[in-house]
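Working notes, structure below.
The values are calculated or read from the model by the stated rules, or taken from the named source; none is laboratory data. The structure presented is a predicted model; accordingly, all values stated were derived computationally and were not measured. Using ideal geometry, Cβ is built from the backbone for each residue, glycine included, and neighbour counts are taken over all protein chains shown.
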């Protein structure tokens with residue numbers, strides 16, 4: 001299934017970035033933008049939030065699921081201080097669970113609906129797709145930040 005291949009590819013690339021040197025982790029993709037370190041912590045937190053949504057929709061469809069404030073997470077959880085290795089382990093294990101559930105539920109239960117508190121009616125398939133697309137979006141920012149090193 002293409003979704004699982006996408007989830008595995010973004011997982012593999014993301015995990016490599018957790019091992020970057022401190023100078024590379026401090027790089028940003030633009031003035032005032034999050035550093036690679038912050039993006040990795042954000043990907044970890046987003047992965048856990050999206051996984052929670054996926055599990056809720058599978059178990060309790062049709063409910064309202066609240067959005068989360070990514071900037072509040074970054075500030076409240078102090079992304080500058082959280083050990084990157086801890087986030088790497090969380091990201092890796094949660095992504096494994098997302099891939100597992102995608103293999104079982106994407107086609108069979110993808111029609112299950114929920115209401116996102118900001119974007120409205122969504123399906124389980126939408127949430128699985130968002131997980132892969134969101135990761136790829138931020139990988140693009142990380143690649144851009146690291147490419148600026150060569151300039």
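A few points about this structure:
- Some residue of the stretch 37-49 being touching a strand residue (DSSP E or B) at 6+ places or on another chain (Cβ under 9 Å), within 21 Å of residue 11 (Cβ to Cβ), at pLDDT 95 or above and surrounded by fewer than 20 Cβ atoms within 10 Å (Cβ to Cβ): yes
- Residue 56 vs. criteria closer than 19 Å to residue 122 by Cα, modelled with pLDDT of 95 or more and either buried (at least 20 other Cβ atoms within 10 Å of the Cβ) or within 18 Å of the chain's Cα centre (by Cα) (or both): yes
- Hits in the stretch 97-108 - residues which are without any contact (Cβ under 8 Å) to a residue 12 or more places away in the chain and under 18 Å from the mean Cα position of the chain (by Cα): 100
- Scanning the stretch 65-84 for any residue that is touching a residue at least 60 places away in the same chain (Cβ under 8 Å), touching a strand residue (DSSP E or B) at 6+ places or on another chain (Cβ under 8 Å), farther than 20 Å from residue 11 by Cα and not in a helix (DSSP H, G or I) turns up nothing.
- Residue in the stretch 109-126 that is assigned to a helix (DSSP H, G or I), touching a strand residue (DSSP E or B) at 6+ places or on another chain (Cβ under 9 Å), without any contact (Cβ under 8 Å) to a residue 24 or more places away in the chain and farther than 18 Å from residue 3 by Cβ present: no
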